[in-house]
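Everything below concerns the one structure shown next.
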Amino acid sequence: MQILIDTDSRKRRKAPGLFLLPGALLAPTLIIVFVVLLYPAACTIFFSLTDKTMADTTYSFIGLKNYSNLFSDPKFWMAFQHSIIFTLVAGSLNILLGFGTALLVNRAIPFRGLFRSLLLIPWVMPHIVTGLMFRWLYNDFYGYLNYLLIHAGLIEKPILFLVDRAFVWLAVILPTVWYEYPFVMLMFLAALQSISPDLYRAAKVDGANAFQQFLHITLPCLKQAFLLNGLLQIIFMFKSFNLVWILTQGGPGDRTELLSTLAYRHVFEGFSTGYGSAVATVIFLVLFAVSIVYLASPAIRSEEP
Amino acid sequence: MTSYRRMIQILTQVLLFCGVLGVTVLLLFPAIVAFGTSFKPMGEIFTQTPTIFPHEPTLAAYKKIFCMPEFPRFLLNSFIISGLTALIVIIAALLAAYTLTFTRFPGKKFIRQMILMTYMFPAVTLVIPLYFFAHRLDLLDSYQILIFADLSFALPIAVWLMAGYFEKFPLELVKAARVDGCNPLQIIRHIIIPVMKPGITAAGIFSFILAWSEYLFSLTLTLTDESRTISAGMHYCLMGNYRTDYGLLTAASTIIVIPVVILFALLQKFIVGGLTEGSLK
């Protein structure tokens with residue numbers, strides 16, 4: 001009887017603690033997340049329902065008018081299309097290059113640590129450095145790229161990479177992949193190292209060759225990593241802004257206009273905050289949907305403890 | 001037979017090594033060229049037959065940068081903003097990751113997922129209201145607003161990373177400490193931090209690098225050179241008055257990138273290690 005009462009009272013004493021303590025420890029993070037993420041995102045959605053401009057402090061609620069204007073604007077659909085193509089192409093290339101380099105530097109080779117560090121350099125470089133550096137490499141007179149291409153006999157006249165409509169996408173995607181692949185590589189390296197060496201040993205005993213080991217051990221064990229990298233790349237590439245803005249600002253004309261540059265242009269250059277907010281909300285909603293699909297998929301659920 | 005097999009093995013190793021070397025040099029070519037060019041005199045930069053390394057190395061471009069009034073200011077601003085961001089991130093993320101890993105409470109899974117989800121918030125979506133808040137609160141062109149804005153991407157990823165590291169930590173140790181009457185802060189200080197230092201450091205460095213590289217917020221939320229970080233500073237200098245000064249561009253890039261690369265190289269082992277296993281060995 002005594003014991004029963006004791007456990008009861010302990011339970012009662014513990015119960016509020018179980019709520020209070022997590023609350024107190026999570027408070028800084030939750031407050032920050034609310035103030036810098038949730039509230040601003042909600043504000044952007046709200047702005048998208050108003051006729052707010054950059055200058056006016058007074059604005060009125062206009063419902064979905066910005067969206068109906070948006071959906072009948074061919075520029076919006078073009079930017080949408082550009083964003084999707086850019087996401088698929090750059091994202092796939094990032095995963096391919098990231099996975100390839102991870103496999104390479106996961107092997108036992110001399111100076112492996114050094115190579116890993118070196119391959120991560122593009123990722124630690126600020127985007128402004130990457131962007132300005134590639135602008136210079138693309139230069140028609142003093143750029144290395146044109147020099148190399150001409151000397152290799154591939155072209156006769158220098159290509160104006162950032163002006164030529166045929167090449168400008170390549171010129172934007174190249175540095176994007178250059179800065180993003182190390183992140184993918186890092187994620188894959190982590191996943192590769194978490195594969196138990198026993199699996200490979202057992203496979204060797206069973207007489208599996210390197211390719212079979214790759215196919216039947218490495219790839220299945222990396223399924224989770226591929227899913228996660230895939231999701232992250234869709235998110236990063238679909239919302240990416242910096243490199244395109246530094247390199248082309250969406251140009252020439254609107255050849256490389258993405259949803260993100262379109263939103264920025266409307267808010268900070270065109271001064272139509274409401275309309276730009278609607279574009280930004282569309283980016284947000286697309287990524288929200290992608291994330292929901294991913295979180296609802298069984299693959300991630302098996303990962304949750 | 002064995003010596004033949006050994007030969008094949010060595011040959012594979014050599015080929016693999018050359019492959020890795022080749023890929024690395026190819027991928028780093030832009031950075032190598034930029035680094036080399038930063039030491040070139042004007043005449044060698046503006047030539048139709050560029051070389052990778054300078055014939056007559058000079059520090060002229062570096063001298064010019066430090067004689068510009070703006071550039072040291074940008075560096076200082078970036079350093080303060082990134083450092084404070086990383087500091088806030090480490091403290092908040094440590095508490096949050098501890099809670100999300102070692103305690104049980106209703107809604108935990110929801111909060112974990114919410115923090116993961118915030119990673120998809122586009123900076124363009126956030127910067128619009130942040131600009132108007134800053135404008136209203138007279139915080140435009142201040143360190144505070146930039147640190148605040150940087151937390152939006154640095155904090156969730158740090159919480160996520162740290163919670164990942166902490167999962168590798170034996171729950172029994174935490175339970176034992178609780179039975180001994182330790183409060184969470186004591187557990188974090190005396191048990192978690194000593195063991196998980198590499199993971200925590202890696203998350204902090206990650207935040208620092210993200211804030212150091214940040215571009216859009218700095219571009220939008222600053223008005224003068226007073227609080228402008230290097231990214232926005234370089235944007236205004238090198239897309240404006242110094243547009244074609246490639247010596248200046250490459251030298252500035254080198255100055256910005258080298259410290260981060262060294263820092264990162266020193267901690268790289270812990271970052272990759274921290275991602276895999278919480279160092280409990």
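The values are calculated or read from the model by the stated rules, or taken from the named source; none is laboratory data. Note that the structure is predicted; figures quoted are calculated from it, not measured. Positions of Cβ are backbone-derived with ideal geometry, glycine not excepted, and every protein chain shown enters the neighbour counts.
Worth pointing out:
- A:A79 being part of a helix (DSSP H, G or I), among the small types (G, A, S) and facing chain B (nearest Cβ under 9 Å): no
- Qualifying residue in the stretch B:185-195 (condition: surrounded by fewer than 22 Cβ atoms within 10 Å (Cβ to Cβ), within 22 Å of the chain's Cα centre (by Cα) and more than 11 Å from every other protein chain (Cβ to nearest Cβ)): yes
- For the stretch A:148-184, residues that are within 14 Å of chain B (Cβ to nearest Cβ) and crowded, with 19+ Cβ neighbours inside 10 Å total 13.
- Residue match in the stretch A:106-113 (condition: more than 9 Å from every other protein chain (Cβ to nearest Cβ) and out of contact with any strand residue (DSSP E or B) (no Cβ under 7 Å at 6 or more places or on another chain)): yes
- Filter result (crowded, with 20+ Cβ neighbours inside 10 Å and touching a Pro at 6+ places or on another chain (Cβ under 7 Å)) within the stretch B:32-68: B:F39, B:K40, B:E44
- In the stretch A:52-64, the residues that are over 22 Å from A:F268 (Cβ atoms) form Cβ pairs under 6 Å with partners that are modelled with pLDDT of 80 or more and not in a loop (DSSP other than H, G, I, E, B), at six or more places apart or across chains, as follows: A:F61/A:T50.
- A:I109 satisfies every condition listed in (1) under 21 Å from the mean Cα position of the chain (by Cα); (2) within 23 Å of B:G22 (Cβ to Cβ) except (1).
- Filtering the stretch A:124-143 for residues that are away from chain B (no Cβ under 12 Å), aliphatic (A, V, I, L, M) and either surrounded by fewer than 19 Cβ atoms within 10 Å (Cβ to Cβ) or outside any helix (DSSP H, G or I) (or both) leaves an empty set.
- Looking only at the stretch B:137-159, and only at residues there that are more than 8 Å from every other protein chain (Cβ to nearest Cβ) and under 26 Å from A:V282 (Cα atoms), the one that is modelled with the lowest pLDDT: B:I157
- Out of A:D206, A:D198, A:D254, sole residue that is more than 18 Å from A:T176 (Cα to Cα), away from chain B (no Cβ under 11 Å), in contact with a Lys or Arg (Cβ under 7 Å, 6 or more places away or on another chain) and acidic (D, E): A:D254
- Checking A:L118 against (1) within 8 Å of chain B (Cβ to nearest Cβ); (2) of a type outside the set (K, R); (3) in a helix (DSSP H, G or I); (4) touching a Pro at 6+ places or on another chain (Cβ under 8 Å), the condition it does not meet: (4)
- Residue within the stretch A:89-102 that is within 20 Å of B:F121 (Cα to Cα) and modelled with pLDDT of 95 or more present: yes
- Residues that are β-branched (V, I, T), over 22 Å from the mean Cα position of the chain (by Cα) and crowded, with 23+ Cβ neighbours inside 10 Å within the stretch B:85-124 comprise just one, B:T99.
- Scanning the stretch B:36-60 for residues that are within 13 Å of another protein chain (Cβ to nearest Cβ) and in a helix (DSSP H, G or I) turns up B:G36, B:T37, B:M42, B:G43, B:E44, B:I45.
- Within the stretch A:268-279, the residues that satisfy the criterion of being facing chain B (nearest Cβ under 8 Å) and either without any contact (Cβ under 8 Å) to a residue 24 or more places away in the chain or under 12 Å from B:L126 (Cα atoms) (or both) are A:G276, A:S277.
- The number of residues in the stretch A:169-204 that are over 24 Å from A:L227 (Cα atoms) and aromatic (F, W, Y) comes to 1.
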